[in-house]
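K.L.:
Once you've had a glance at the structure underneath, I'll fire off some questions.
The values are calculated or read from the model by the stated rules, or taken from the named source; none is laboratory data. Model, not experiment: these values are computed from the prediction. In this analysis, Cβ positions are derived from the backbone assuming ideal geometry, glycine residues included, and neighbour counts consider all displayed protein chains.
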Amino acid sequence: MEYSKTGIQEYYELSQKVAEAIEAVLGIDVTIMNECMERVAGTGIYKPLVNDQIEKNSAFDKCLSTGKSQVITNRCQENSLFCGCSRLLTCVEQATVCVPIKQEKKVIGVLGIVAFSEEQKKQLIENADVYLDYLEKMAFLLEGKYSEFQVNMEKKILSHRMEGILDTINSGVVIYDGRGKVIYKNNSLVRILNEIGIENIDSFVNEIRKNDLLQSLLDNDECTRPCEIAIDILGVKYSLLVTITYFKTDILSNEVMLTIQNINYFKKQVMQSIEKNQVRLQFNNILGISRGFLEVKQLAEKAALSDSNVLILGESGTGKELFARAIHNHSDRKEYAFVPINCGAIPDELFESELFGYEKGAFTGAYANKIGKFEIADKGTVFLDEISEMPYRLQVKLLRILQEKEVSRIGSNIIHNIDIKIIAASNVDLYQRVKEGLFREDLYYRLNVIPLNIPPLRKREEDIVFIANHYVKYYSEILKKDIRGISHDGMTLLLKYPWPGNVRELQNLIEYAVNFETGKMISSELVEKRLLTNQDKCKLSERFDGKSLGNSLKELERELICNCINKFAFSNSKDYTVQQVCKELGIGRATLYRKIKELDINMD
């Protein structure tokens, strides 16, 4: 066992005092050695020799090895085993009495007296039994002190080990005595409280112990599993996840240990872990061989090496999110969360709470704390898809986040520092939205640090052929079909089609064709059948392009009602026509007459 220098030195100092006390009583030199044959105390001639090795084949050596007391009165007798002197020198040690110092059954040292004169030798021989008994009592005293020293050292070592273990765990640990006084807290607790913005840690730790919910749990001997408590300091609520451990020994019966976690940080870690479990998509997974498309990929790879914000522009289906994920996975942030946010899919009333999070009780329905998307993405990447659809009132908050790198939840005044990279995407001309007053100009320039413009598929004929053949092979393997390619006429149709849905539409068409093709090559008839359906949709989309929803609905309503009226116009009875139109459209007469008036329809 290793002991600290301070601890073992205390024992050696005591040994020296014992040696001096014996010498004062008996008038004979005393020396004490340890189990390593090192002299640890001495008087007279031996005092300058402390820390030296004691000679082999001596009475002390025999006492140490046998664990029995030794009385030697003729050390230099011929062939004496116990003489440690050189035969060329005159032996000055006339007689020795030594006793073992033990801890339980183990010999840990030897205490002895040595006569250096005939008078001392005579004194020692005459009083050998008395001296032996006296030395054994003094050895017993040293044994007790050594055991006490060892117990204390073991306690210190155990204490240091426990503190070392507690300081290595991520959870905070605080121990209170029976009166609620803090008797220990680990380094993780200090870190956790610093994370949530606590300045006066000692005061806060005392407030934890006074918490009403915690006190009730302590009184009821509950909460052996983690439970959430809230600490209110100057109107600010801090949520902690606490587990209580009771010390049930008689001596420590009133002491309690709390294991503490920042519940928000814990939730954040879980959410980040979930977000990290994404497909590790790389740039070589994005299909395309055309020159313009490869230039965009090269620019995106360079953008991944920077923390600057990226704005990806391109039509729906061109792969904007694929580029965003590849940029994240190619960056230094790849081990952290990639958080996609579809700005067009979140209702306005939920937008702020989704992005920034909220505190329990911040508004009706806020039954628990919620971590916002930006906090989850800390040290990672936020992908803002359809950024043009972000409500105008929230754009200024996003701008502040980009500038200040901090976020605050709804209902809280605690500031959370965040380190995020923003990748935004839009399928419309975002600068045109700025001109129309629908998008903040300052936010536009903040996002548009590195612009990436993904060209539409209709401008990339090489990619149409490449991507189509790739998906033929891909879906043939998945669907276990022997499709070897696309017919020449079929490929010609693909190259002439405008592809309003871009790569996503092409992928869907190929999957459809592989499912229903019965030959070895995808026929032009199968391609044409699917493209006609898509073209009808395309024409409908072009017809209402640029029109508001209200005007588009009115035009469709007018067309439907007019077509239905013309369908039954063969009857000379206006009442019959109205009756049939109402029946077919599933509306009442009053609704029909109101629509006819609103839409300026002529029934004559």
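K.L.:
Which of the following residues is more than 30 Å from SER15 (Cα to Cα), within 46 Å of the chain's Cα centre (by Cα) and exposed (fewer than 15 other Cβ atoms within 10 Å of the Cβ): SER203, SER188? Steps first, answer last, please.
P.N.:
On the way: SER188 fails: exposed (fewer than 15 other Cβ atoms within 10 Å of the Cβ).
Checking each option against the conditions leaves just SER203.
K.L.:
Could you please let me know if ASN469 is modelled with pLDDT of 90 or more, polar (S, T, N, Q) and either more than 32 Å from the chain's Cα centre (by Cα) or not in a helix (DSSP H, G or I) (or both)?
P.N.:
Judged against the criteria, ASN469 is a match.
K.L.:
Within the group ASP61, ASP52, which residue is charged (D, E, K, R), surrounded by 13 or more Cβ atoms within 10 Å (Cβ to Cβ) and under 22 Å from ALA128 (Cβ atoms)?
P.N.:
Answer to the check: ASP61.
K.L.:
Output the residues belonging to segment 447-459 that are within 43 Å of the chain's Cα centre (by Cα) and either in a helix (DSSP H, G or I) or closer than 30 Å to GLY490 by Cα (or both).
P.N.:
Those that are within 43 Å of the chain's Cα centre (by Cα) and either in a helix (DSSP H, G or I) or closer than 30 Å to GLY490 by Cα (or both): LEU447, ASN453, ILE454, PRO455, PRO456, LEU457.
Rundown of residues vs (1) modelled with pLDDT of 95 or more; (2) over 23 Å from ARG446 (Cα atoms), yes/no style:
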residue: ILE289; (1), (2): no, yes
residue: GLY292; (1), (2): no, yes
residue: LEU299; (1), (2): yes, no
residue: VAL310; (1), (2): yes, no
residue: GLY314; (1), (2): no, no
residue: GLY319; (1), (2): no, no
residue: ARG325; (1), (2): no, no
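K.L.:
Please indicate, with yes or no, whether at least one residue in segment 109-121 is part of a helix (DSSP H, G or I), out of contact with any helix residue (DSSP H, G or I) (no Cβ under 6 Å at 6 or more places or on another chain), crowded, with 17+ Cβ neighbours inside 10 Å and at pLDDT 85 or above.
P.N.:
The answer is yes, given that some residue of segment 109-121 is part of a helix (DSSP H, G or I), out of contact with any helix residue (DSSP H, G or I) (no Cβ under 6 Å at 6 or more places or on another chain), crowded, with 17+ Cβ neighbours inside 10 Å and at pLDDT 85 or above.
K.L.:
Hey, can you tell me all the residues within segment 173-185 that are surrounded by 14 or more Cβ atoms within 10 Å (Cβ to Cβ) and among the β-branched types (Val, Ile, Thr)?
P.N.:
Matches in segment 173-185: VAL173, VAL174, ILE175, VAL182.
K.L.:
Sticking with this one: Going through segment 317-350 one residue at a time, which ones are in contact with a Ser or Thr (Cβ under 6 Å, 6 or more places away or on another chain) and part of a loop (DSSP other than H, G, I, E, B)?
P.N.:
In the first step, residues of segment 317-350 are kept if they are in contact with a Ser or Thr (Cβ under 6 Å, 6 or more places away or on another chain); the result is 328, 333, 338.
Correct list: ARG333 only.
K.L.:
Which of the residues that make up segment 291-324 are touching a Gly at 6+ places or on another chain (Cβ under 8 Å) and buried (at least 19 other Cβ atoms within 10 Å of the Cβ)?
P.N.:
Restricting attention to segment 291-324, the residues satisfying the condition of being touching a Gly at 6+ places or on another chain (Cβ under 8 Å) are 294, 297, 316-317, 320.
Matches in segment 291-324: GLY317, LYS320.
K.L.:
Within the set of pairs 6+ apart or on separate chains, which have a first residue in segment 463-490 that is free of Cβ contacts under 8 Å to residues at least 60 places away in the same chain and surrounded by 20 or more Cβ atoms within 10 Å (Cβ to Cβ), a second that is among the small types (Gly, Ala, Ser) and assigned to a strand (DSSP E or B), and C-beta atoms under 8 Å apart?
P.N.:
Note: pairs meeting the criteria are VAL472/GLY485.
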